[in-house]
Amino acid sequence: MTATEHQPGRSAPAVDLEGLVRRHSVGHALAREFYSDPQIFEHDMDRVLLRHWFCAGHASSLPTPGDFLVVELGSESVIIVRTQDETIRALVNVCRHRGSRICTTRSGRVPAGRLTCPYHAWSYDLDGRLRVARQMPESFEHDRVGLRSLAVRVVEGLVFTTFAEHPLDFTPAEQALSRAARVHGWAKAKVVHRELYSIKANWKLAVENYMECYHCQPAHPDFSRQHVYARPARQAEALERAGRCRAEALGIFLADVDLYGCAANPGSESVSVFRSALHEGVASATPDGRPIARLMGDFSDHDGNSTYFDIGPLSDFLAYADHGIIYRFVPRAAQHTEMEVLWLVHEDAVEGTDYDVERLTWLWKTTSIQDKRIVELNQAGVNSRFFEPGPYSLQEAYARRFVDWYLSEMAAA
Ligand code: FES
Ligand SMILES: [Fe+2]
């Protein structure tokens, strides 16, 4: 083997990130490397993903002090825990002794109100302060060693955190989100079902797919039968107007918000909110279009609309009059993304009486399985040496915007 040949175990040649950003053809999908290369995934983590806020879940999953969730992003892990004073904290899941993970399950309740490391049993209060470390030298200062704490915001029950040392301003996102989530009553909601989809694809392919509905008619027949959003804008116009009138007749006034990307709102987290109509006669996302559960928030009746809201690049939400969905995209590796889907209903709703889990989850289970399949097929094709980035259609404007935003983030860092 000559000195220039790549040898197993040696690091791969550095990818020319700046060149790839410069050579991007506007209005087209990204080059293959952005969707497949492990080095670019590391840049994604540093330049984009760890800088932004993301939704960790809903506060109803942590009703009692000591309840926790573990949420991950790439190789990072954070413990979201309810403390003794009922606040919610985010603590980096890395022991301050020699670095072991502390919580090893996805959720649970901390025994005896202490977070105890499984390695040498250092234990921490729920606010991250170190309480017990055996046989340490006298010079060891307990008070100076605590779990790293991350910023947290709870907005109408939605829990957000960020790994950023200097977080983006969350205020505009919080304002827009709290209006939308308040109308839908999400502070008085509870998570009643969870699904985790492991997708063999880059996170940007999963997010682009979520951002566009060009694929809805061919890939999601059930969704398309019920949601006007599946139609091209011009065909949907009159139906959207009718939906808006139905909502206003019930006193639901929820303005669209478009603060997508830091260019529109420098130094702040992105947020967008928009409403879209359901087809005539569809009250909710059930197999027969009939209601699923008791009404939430300000709704006195089904208005035949759905509300989409997004925060940052990884957190998306969908609200109907009687239930809600949280999507959490979790990038894990260059070609591995998890999509966690959580279903919300009114906090007082009773299973079997007020809602049926099968009916509640029918549409978004069906749709998520379809999405996993098409996104994995997309990744397989993108990995081919014959792949060339193609042009976005008019109905993929949001996917195109996402790609433009992503490139601006990569170039700015
Ligand atoms: S690594 Fe946690 S106690 Fe040693
Ligand atoms: Fe889809």
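The values are calculated or read from the model by the stated rules, or taken from the named source; none is laboratory data. Worth saying up front: this structure is predicted, and the values here are computed from it rather than measured. Note that we place each Cβ from the backbone using ideal geometry, even for glycine, and neighbour counts take in every protein chain shown.
Annotations
- Residue within segment 170-191 that is in the same structural domain as Val81 (by TED's automatic domain parsing), over 16 Å from Phe68 (Cβ atoms), without any contact (Cβ under 8 Å) to a residue 12 or more places away in the chain and surrounded by fewer than 21 Cβ atoms within 10 Å (Cβ to Cβ) present: no
- Residue check, Val228 among the hydrophobic types (A, V, I, L, M, F, W, C), within 22 Å of the chain's Cα centre (by Cα) and surrounded by 17 or more Cβ atoms within 10 Å (Cβ to Cβ): no
- Answer residue from segment 91-117, given it is hydroxyl-bearing (Ser, Thr, Tyr) and within 16 Å of ligand 1 (Cβ to nearest atom) and is nearest to Leu196 (Cα to Cα) among those: Thr104
- Here Arg231 clears all of (1) more than 30 Å from Phe41 (Cα to Cα); (2) more than 16 Å from ligand 2 (Cβ to nearest atom); (3) not β-branched (Val, Ile, Thr) except the condition numbered (2).
- Being assigned by TED's automatic domain parsing to the domain that holds Val350 and modelled with pLDDT under 95 is a property that Ser268 has.
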